[in-house]
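All of the numbers you see were taken from the coordinates with simple rules; none came from a lab. Fair warning: this is a prediction, and the values are worked out from it, not measured in the lab. Cβ: placed from backbone, ideal geometry, glycine included. Neighbour counts: every protein chain shown.
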Amino acid sequence: MYTPNPLQRRRLFILGLGSQGKAWAQNWRDQKLPFQILLREKSSTIQEAKKLELPVTLFNEWRPEPNDIFIMLIPDHTHKNVLAFFAQQGGDIPLTFIYAHGVSYTQYNWNQVYPAWSHLLLAPKAIASEVRANYLSHEPLAAVYSTEGSIAHDAKELVFFLAGQLGINQGPFKSTFREETLADLFSEQALLCSLLPYGARLIFEKMVERGISREVAYLECWREVKLIADAMIKFGPENFHRLISPNALYGGEKARHVIFDKSFHDKLDTLAADIWSGSFFNEVMDQDLDALRQSVIADWSSTTLAQTHKAMEKKGVDL
Ligand SMILES: NC(=O)c1ccc[n+]([C@@H]2O[C@H](COP(=O)([O-])OP(=O)(O)OC[C@H]3O[C@@H](n4cnc5c(N)ncnc54)[C@H](OP(=O)(O)O)[C@@H]3O)[C@@H](O)[C@H]2O)c1
């Protein structure tokens, strides 16, 4: 079947070559999609682009052409300044910006600030490493999209075409910038990047304190997270609970009532309230995120869990 290419003669730029940028660029390169990586003049990632043999345009070399498309794979807190740069080059020229997360659009209403431009959402529901890995392995890769900030008639075709080239094979599912933002921030804050890694770390430490060997504790608390998550997805909530052992079933119910008490609900509501009101985004804008990342990594490096992970890798255990 003939599928029209909505890019036609439009130029496609990926802004940034960080975690998501590298995955999108490599997937699209493998699909033979023409694009340029757009980087700052003194970008530390120019070398990375050279290593991957990706074509680079520098911001000071770029001149606007109507209908240019930009994939915003730079940190969300930088969008404001970067969009202001494009506006200086001619805010009336029709351009298309595609965001991988809705937070800056939700906070600043880009469609009102820059009404001559189209603002689209194509948000993979996967960490960047898996956007590349699942493309290569043809495993499930989901995304959500929104065209609510677009003035172009072919916005949906464009998003679906780019998603397909990226390896998205679940959806993309229709959402809105605000819905994606709230859901993404709350899930990563309350579950994916707190409860899971910090829960695993705390329980690993409790086991080791009580005499369990590091390797056994590691297998129980870190390695098995993937296996249990795979089973939850494969079998669904009801069958998952049909499959687990009687001890796991009873233990889960007991712990559920101890851990997820009223104070836990209250804490979740506090986190959610900050996200829903927009105050969380302002809080993030005030942080030195590079320094924070370094201190979080230093803290994790000092843990027995991280050391055990490295020891397992050294032993050649296939993790
Ligand atoms: N990380 C994930 O797994 C993930 C998952 C889902 C969605 N997302 C979304 O994907 C987007 C990109 O996230 P990311 O984690 O991939 O970003 P990232 O790795 O932090 O992006 C780094 C890249 O952005 C460039 N950059 C940084 N500040 C810039 C600025 N002021 N002007 C121009 N370029 C700048 C960096 O180049 P320099 O060398 O010049 O600093 C580098 O190439 C975000 O919207 C994020 O919410 C990320």
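Among Trp62, Trp276, Trp117, the largest mean-square fluctuation in a Gaussian network model of the chain (Cα springs under 10 Å) belongs to Trp62. Each DSSP beta bridge with both residues in the chain is either parallel or antiparallel, and the antiparallel ones are about 20%. Once both labels are positioned 7 Å from their Cα atoms along Cα-to-Cβ, the gap between Ile297 and Lys262 label points is 4.4 nm. Under conditions of 4 °C and 1.567 mPa s, the range 126-213 yields 82 µm² s⁻¹ as its translational diffusion coefficient, taking Rh as the Kirkwood radius over Cα pairs in the Stokes-Einstein equation. In plain terms, the chain from Asn60 to Trp276 could stretch by 74.0 nm, reckoned as 0.36 nm per residue minus the Cα-Cα distance.
For the range 12-175, what class follows from the C-alpha gyration tensor (a ≥ b ≥ c being the square roots of its eigenvalues): rounded when a/c is under 1.5, otherwise prolate if a/b is larger than b/c, else oblate? It is oblate, given that a/c is not under 1.5 and a/b is not larger than b/c. Shape verdict for the range 194-314, please, from the Cα gyration tensor: rounded (a/c under 1.5), prolate (a/b greater than b/c) or oblate. Here the range 194-314 falls in the oblate category.
Largest GNM mean-square fluctuation among Ala152, Ala163, Ala255, using the chain with Cα springs under 10 Å: Ala255.
Across the cross-link table entries Lys254/Lys314; Lys51/Lys315; Lys267/Lys310; Lys51/Lys156; Lys50/Lys125; Lys226/Lys314, which are compared at the Cα atoms, the separations over 26 Å belong to Lys254/Lys314; Lys51/Lys315; Lys267/Lys310; Lys51/Lys156; Lys50/Lys125.
A Gaussian network model of the chain, with springs between Cα atoms under 10 Å, assigns the largest mean-square fluctuation among Phe85, Phe260, Phe280 to Phe260. Going by Cα centres, the range 40-60 and the range 201-236 are how many Å apart? Using only Cα atoms, the two centres lie 40 Å from each other. Computed with the Debye formula from one identical point scatterer per Cα of the chain, without solvent, the log10 of I(q)/I(0) at q = 0.07, 0.09, 0.11, 0.15 Å⁻¹ comes to -0.35, -0.57, -0.84, -1.39.
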